[in-house]
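First up is the structure itself, then whatever we jot down about it.
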Amino acid sequence: MDKKTIFALVLITALLAPLSGHGEMPGAQDLLVKASGPAIYYYASDGKRYVFPNERIYKSWFTDFSGVVMITDEELASIPIGGNVTYRPGIRLIKIESDPKVYAVAQGGILRWITNEQVAKDLYGADWSKLVDDIEVTLFVNYKEGEQLDCACDYDPLTVATEVMTINADKGIEADENTRLSDTVVPEKKKLWGEMTPEEQQEYLIQFTLDDINSTRADYGKAPLVLNDELTAIAFAHSMDMSLNIGDMSHDGSLGEQAHERIKQGKVPDFDNPGQFKYLPYPEYIGWSGENVGRRYIYDFGGNVEAAISDQHDWFMDEPDGEFNHRTTMLSSMAPFTEVGIGVYLDEDGVIWITEDFISRTQSVEPVEDTVDTGTVDTGTVDETVPDDEPASACGTQTCAV
């Protein structure tokens, strides 16, 4: 089913209001109208109807289909077509399918080429790429190219959107004060890495890692893992321990504690009292537990922490199915993991240390006894990107069950 058909189906199922109360056609202007066909139109103050070419353009102006007015085919035919509606300025970025250039939209369908990624980030934040819509080449004739944007200094999304609250205004059509206003808003600008506080950076790293894991799982038809805050604190302690005390990847902590002891007992080194343990809150009723650890040097990825984390997961996924390893732990293929704790520690040298602790829950009403020792399966390797003059190290994923 193509996009136009989908848009038509949405419109057919939209809540449609009768024309009564708005006057006789064609005098009742400034409406969203629809006849028996799938298309929806903006009936502007100049007495003409303007076509929404697709749902994405419509959604740049209006959040839903409330208030769409049903008219007869005869009434629709009496209204001359004025042209196509273009994207509302400031709301989305667009590109043509056959051209990699990304444009910001200004009033009247003026396109301003964003010449580099930094400008896009300055305008719309770290998630700017998620705001880019591809438009068909055939729709490009509705737009005109304006001055390019070499910096964010002469284009502000909020300002241009506020100045164009109506399609009438975008088309330069004079209208009265009762003209229908757009109800879409400029996307909240996501902070860039350097703009975040340390606490915001840590929250971002955890969420990005979780999203990346769950995106991979979705590709294989797996349900998303739920983030467990207690496990996350435990995993973060181990990532710090690997960085500050061990200097290498390991499932064993600097004081000899093993992965299942951390996960099932909250047993981690006390950084305020070297050589001693402390016990963090930990989840109860744990069945299976598993751990993946990794390390990446962010300068190998241009300082991009997201790329470093995704690359680590790509290495995990390069392992085979059918055995205990990082891949099958991420996908819950060999054990029914449903929750994860994520510890990501970025040290002063630009090394990112990753601990991911996975658990399932038992059906019993009593906590699992800490004295139960079921053994550990240690398989696979964590490949890592290292400087040429530093040997690569490796460690396995550990999965164990009660």
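Just to be sure, is THR197 open to solvent by 20 Å² or more (accessible area, probe 1.4 Å) and under 23 Å from ARG361 (Cα atoms)? Taking the combined requirement at face value, the residue does not satisfy it. In the list ASP229, ASP212, which residue meets the criterion of being open to solvent by 50 Å² or more (accessible area, probe 1.4 Å) and either touching an Asp or Glu at 6+ places or on another chain (Cβ under 6 Å) or not aliphatic (A, V, I, L, M) (or both)? When all the criteria are applied, what remains is ASP229. Hey, could you check segment 88-113 for residues that are within 15 Å of SER182 (Cβ to Cβ) and within 21 Å of the chain's Cα centre (by Cα) and say which is most open to solvent (accessible area, probe 1.4 Å)? Going through the qualifying residues, I end up with ARG92.
Contact map, segment 328-346: residues that are under 14 Å from ILE309 (Cβ atoms) paired with residues that are open to solvent by 10 Å² or more (accessible area, probe 1.4 Å) and at pLDDT below 95, Cβ distance under 8 Å, separation 6+ or inter-chain. Pairs shown: VAL344/GLN202; LEU346/GLN201; LEU346/ILE298. Open to solvent by 20 Å² or more (accessible area, probe 1.4 Å) and over 17 Å from PRO53 (Cα atoms): is that true of ASP134 in this structure? Judged against the criteria, ASP134 is not a match.
Limited to segment 321-332, what total is found for residues that are open to solvent by 10 Å² or more (accessible area, probe 1.4 Å), modelled with pLDDT of 95 or more and part of a loop (DSSP other than H, G, I, E, B)?
Within segment 321-332, the first condition is being open to solvent by 10 Å² or more (accessible area, probe 1.4 Å), and the residues that meet it are 321-324, 327, 332.
In the following step, the residues that additionally are modelled with pLDDT of 95 or more were identified as 327, 332.
Adding the requirement that they be part of a loop (DSSP other than H, G, I, E, B) leaves 332.
Residues in segment 321-332 being open to solvent by 10 Å² or more (accessible area, probe 1.4 Å), modelled with pLDDT of 95 or more and part of a loop (DSSP other than H, G, I, E, B): 1 in total.
For segment 239-250, the criterion of a residue being within 26 Å of the chain's Cα centre (by Cα) and closer than 19 Å to VAL293 by Cβ is satisfied by at least one position.
In segment 255-269, of all residues being within 16 Å of PRO283 (Cα to Cα) and among the small types (Gly, Ala, Ser), the one that is surrounded by the most Cβ atoms within 10 Å (Cβ to Cβ) corresponds to ALA259. Taken over segment 285-320, the criterion of being out of contact with any strand residue (DSSP E or B) (no Cβ under 8 Å at 6 or more places or on another chain), of a type outside the set (A, V, I, L, M) and in a helix (DSSP H, G or I) is satisfied by TYR299, ASP300, PHE301, GLU306, SER310, HIS313, ASP314. If you go through segment 114-130 and keep only what is in contact with a strand residue (DSSP E or B) (Cβ under 7 Å, 6 or more places away or on another chain) and either surrounded by fewer than 19 Cβ atoms within 10 Å (Cβ to Cβ) or modelled with pLDDT of 95 or more (or both), you end up with ILE114, THR115, GLY125, ALA126, ASP127.
When the residues of segment 37-87 are filtered to those that are surrounded by fewer than 18 Cβ atoms within 10 Å (Cβ to Cβ) and aliphatic (A, V, I, L, M), the one that is farthest from ALA161 (Cα to Cα) is ALA77.
Conditions (1) of a type in the set (Asp, Glu); (2) assigned to a loop (DSSP other than H, G, I, E, B); (3) touching a residue at least 12 places away in the same chain (Cβ under 8 Å), marked per residue:
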{"site": "SER182", "(1), (2), (3)": "no, yes, yes"}
{"site": "PRO187", "(1), (2), (3)": "no, yes, yes"}
{"site": "GLY194", "(1), (2), (3)": "no, no, no"}
{"site": "GLN202", "(1), (2), (3)": "no, no, yes"}
{"site": "LEU205", "(1), (2), (3)": "no, no, yes"}
{"site": "LEU210", "(1), (2), (3)": "no, no, yes"}
{"site": "ILE213", "(1), (2), (3)": "no, no, yes"}
{"site": "THR216", "(1), (2), (3)": "no, no, yes"}
{"site": "PRO224", "(1), (2), (3)": "no, yes, no"}
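Restricting the search to segment 232-246, which residues are open to solvent by 30 Å² or more (accessible area, probe 1.4 Å) and either touching a helix residue (DSSP H, G or I) at 6+ places or on another chain (Cβ under 8 Å) or among the hydrophobic types (A, V, I, L, M, F, W, C) (or both)? Hits for segment 232-246 are ALA233, PHE236, MET240, LEU244, ILE246. Among the residues of segment 347-360, is any open to solvent by less than 10 Å² (accessible area, probe 1.4 Å), part of a loop (DSSP other than H, G, I, E, B) and within 26 Å of GLU203 (Cβ to Cβ)? Scanning segment 347-360 turns up no residue that is open to solvent by less than 10 Å² (accessible area, probe 1.4 Å), part of a loop (DSSP other than H, G, I, E, B) and within 26 Å of GLU203 (Cβ to Cβ). Looking only at segment 264-273, decide whether some residue is closer than 25 Å to THR216 by Cβ, in contact with a Gly (Cβ under 9 Å, 6 or more places away or on another chain) and free of Cβ contacts under 8 Å to residues at least 60 places away in the same chain. No.
For segment 141-170, filtering for residues that are open to solvent by less than 70 Å² (accessible area, probe 1.4 Å) and assigned to a helix (DSSP H, G or I) leaves 10. Among the conditions (1) open to solvent by 40 Å² or more (accessible area, probe 1.4 Å); (2) modelled with pLDDT of 95 or more; (3) assigned to a loop (DSSP other than H, G, I, E, B), the only one that GLY275 does not satisfy is (2).
Of the set (1) closer than 21 Å to ILE286 by Cβ; (2) out of contact with any strand residue (DSSP E or B) (no Cβ under 6 Å at 6 or more places or on another chain); (3) modelled with pLDDT under 95, all apply to THR362 but (2). The test for being open to solvent by 10 Å² or more (accessible area, probe 1.4 Å) and either part of a loop (DSSP other than H, G, I, E, B) or among the β-branched types (Val, Ile, Thr) (or both) holds for ASP252.
The values are calculated or read from the model by the stated rules, or taken from the named source; none is laboratory data. None of the values given here were measured: they were computed from a predicted structure. All Cβ positions, even for glycine, are placed from backbone atoms using ideal geometry, and neighbour counts span all protein chains on display. Ligands, DNA and RNA are excluded from the accessible area calculation, which covers all protein heavy atoms including side chains. Shrake-Rupley method; radii C 1.70, N 1.55, O 1.52, S 1.80 Å.
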